[in-house]
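Colleague: So that we are looking at the same thing, I have put the structure below in structure tokens.
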Amino acid sequence: MALLLIGEPRDAEGWRREMEALVPGIDFRVWPEVGRAEDIAMVMTWKAPPGELRRYPNLGCICVLGHGVDHMLPGSELPDGVPVVRLVDESMTRQMSAYVLAAVLRHHRKMADYGRLQRARRWRELDVPDPAETRVGILGLGALGGDAARKLRALGFEVAGWSRTPKDIDGVETCAGRDALEPFLGGCDIVVCMLPLTPETRDILDAGAFRAMKKGAYLVNPARGHHVVEDDLLAALDSGQLSGACLDVFRAEPLPRGHPFWRHPKVTITPHAASLTLPRGAAPQVAENYRRVHDGRPLLNLVDRERGY
Ligand code: NAP
Ligand code: GLV
């Protein structure tokens with residue numbers, strides 16, 4: 001029973017080292033050196049070439065090497081009936097919370113404005129509210145949103161969260177369901193999108209959502225580009241309805257060179273780098289799922305293909 005990695009050649013040796021250390025004697029193969037297709041019991045991949053995953057008749061698990069699986073689910077890429085698992089990774093969670101905290105603090109502490117003042121050699125104090133008077137709202141309270149909410153709370157911010165089903169997080173005011181979205185957005189000074197991309201959440205941050213936000217609210221989106229209707233965001237920034245946005249993800253990636261976000265004075269851009277999959281951190285759960293495929297036990301971090309995450 002072989003484990004097949006379909007991925008960037010530069011990552012292959014790192015994964016091989018980790019998997020061979022965790023599962024001595026493992027039959028670890030790297031695409032396209034597949035050997036007999038019948039031997040492959042599990043595939044680990046971020047994204048496979050079209051049709052590739054249908055070539056393995058004895059596949060017992062597809063492990064997506066990230067938290068989000070939206071790019072894998074649509075269409076007919078996946079063989080029917082093969083369980084899909086994702087990563088729920090402590091290292092990626094720490095990385096993402098650090099990104100969210102950096103974006104929130106940079107905005108809250110007006111670091112970009114201080115940068116402009118420094119370049120003009122101007123000694124001027126800016127008004128910065130107490131974190132306790134700044135409400136940060138997190139859309140999505142799963143592995144990543146939940147951790148960011150707790151860490152923002154620990155910094156003293158007022159934190160609120162919105163999810164599909166009700167959640168209970170110490171010190172965080174939570175609400176759930178579509179009807180709660182607009183009132184939720186209206187109460188927040190900073191909105192962080194930490195949702196998975198599904199048919200329900202696609203385009204969720206549109207003109208209506210921006211109108212529902214407080215005037216001058218700030219947006220942080222390290223989730224997926226298709227959560228945001230980009231023209232509506234540009235209009236909300238240009239009218240002053242939003243004061244700025246920190247964006248890690250975009251509808252087209254890499255962001256095209258001519259895109260207005262690049263030069264927009266209110267937009268901060270990072271290149272889909274908020275949280276990266278590192279073999280050292282992620283390998284133990286991949287190894288555990290490989291053992292579970294072998295033993296026929298229930299898999300960890302199973303994706304609900306109907307629900308879309
Ligand atoms: P997760 O554990 O599945 O949590 C998703 C959260 O969103 C859950 O609280 C869920 O509600 C909520 N949600 C889903 N659909 C909803 C809806 N229709 N209405 C309201 N709430 C909804 O996901 P995660 O591991 O935190 O990851 C979130 C996303 O981050 C990923 O899907 C990926 O797109 C993105 N990501 C980006 C990077 C990067 O580098 N930029 C890295 C990793 C991940 P319930 O709790 O009720 O189910
Ligand atoms: C990265 O974007 C991930 O979903 O893991």
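Any read-out appearing in this document is the output of simple, stated calculations on the displayed coordinates, not a laboratory observation. Predicted, not measured: the structure shown is a model, and the values here were computed from it. In this analysis, Cβ positions are derived from the backbone assuming ideal geometry, glycine residues included, and neighbour counts consider all displayed protein chains.
Colleague: Condition first: away from ligand 2 (no atom under 16 Å from the Cβ), out of contact with any strand residue (DSSP E or B) (no Cβ under 6 Å at 6 or more places or on another chain) and either more than 16 Å from Leu247 (Cβ to Cβ) or not hydrophobic (A, V, I, L, M, F, W, C) (or both). Now tell me which residues in segment 189-205 satisfy that.
Modeller: Residues satisfying the conditions are Pro199, Glu200, Asp203.
Colleague: Just name the residue that is nearest to Tyr290 (Cα to Cα) out of those in segment 68-104 that are without any contact (Cβ under 8 Å) to a residue 24 or more places away in the chain and away from ligand 2 (no atom under 16 Å from the Cβ).
Modeller: Filtering segment 68-104 for residues that are without any contact (Cβ under 8 Å) to a residue 24 or more places away in the chain and away from ligand 2 (no atom under 16 Å from the Cβ), the one nearest to Tyr290 (Cα to Cα) comes out as Gly81.
Colleague: Still on this model: Among helices (runs of 4 or more DSSP H) lying entirely in segment 79-156, which contain 3 or more residues that are within 19 Å of Ala273 (Cβ to Cβ)?
Modeller: 90-108, 143-154
Colleague: Is there a residue in segment 114-127 that is more than 22 Å from Ala143 (Cβ to Cβ) and surrounded by 13 or more Cβ atoms within 10 Å (Cβ to Cβ)? I'd like the intermediate steps shown before the answer.
Modeller: Going through segment 114-127, the residues more than 22 Å from Ala143 (Cβ to Cβ) turn out to be 114-127.
Adding the requirement that they be surrounded by 13 or more Cβ atoms within 10 Å (Cβ to Cβ) leaves 114, 117.
Yes.
Colleague: State which residue is nearest to the chain's Cα centre (by Cα) when the search covers only segment 164-205 and only residues that are under 17 Å from Val228 (Cα atoms) and assigned to a strand (DSSP E or B).
Modeller: Only one residue tops the list, namely Cys193.
Colleague: Would you confirm, using the coordinates I've provided, whether Thr134 is under 30 Å from Val43 (Cβ atoms), of a type outside the set (Phe, Trp, Tyr) and crowded, with 18+ Cβ neighbours inside 10 Å?
Modeller: Judged against the criteria, Thr134 is not a match.
Colleague: If you don't mind, there's one more thing I want to ask. Does any residue of segment 2-11 turn out to be part of a loop (DSSP other than H, G, I, E, B) and within 19 Å of Gly308 (Cβ to Cβ)?
Modeller: no
Colleague: Do we find that Met44 is touching a Gly at 6+ places or on another chain (Cβ under 9 Å), within 16 Å of ligand 2 (Cβ to nearest atom) and part of a helix (DSSP H, G or I) in this structure?
Modeller: Here the answer is no, as Met44 does not meet what is asked.
Colleague: Could you list, in sequence order, the residues of segment 253-309 that are touching a residue at least 12 places away in the same chain (Cβ under 8 Å) and aromatic (Phe, Trp, Tyr)?
Modeller: Phe261, Tyr290, Tyr309
Colleague: Does Tyr218 satisfy the condition of being among the aromatic types (Phe, Trp, Tyr), touching a Ser or Thr at 6+ places or on another chain (Cβ under 8 Å) and at negative phi?
Modeller: In short, yes.
Colleague: While we're on this one: Tell me which residues, restricted to segment 1-13, are over 14 Å from Asn289 (Cβ atoms) and surrounded by 14 or more Cβ atoms within 10 Å (Cβ to Cβ).
Modeller: Result: Ala2, Ile6, Gly7, Asp11, Ala12.
Colleague: Something else: Suppose we keep only residues that are among the aliphatic types (A, V, I, L, M) and either outside any loop (DSSP other than H, G, I, E, B) or surrounded by fewer than 19 Cβ atoms within 10 Å (Cβ to Cβ) (or both) within segment 57-72. Which one would you say is nearest to the chain's Cα centre (by Cα)?
Modeller: It comes out as Val64.
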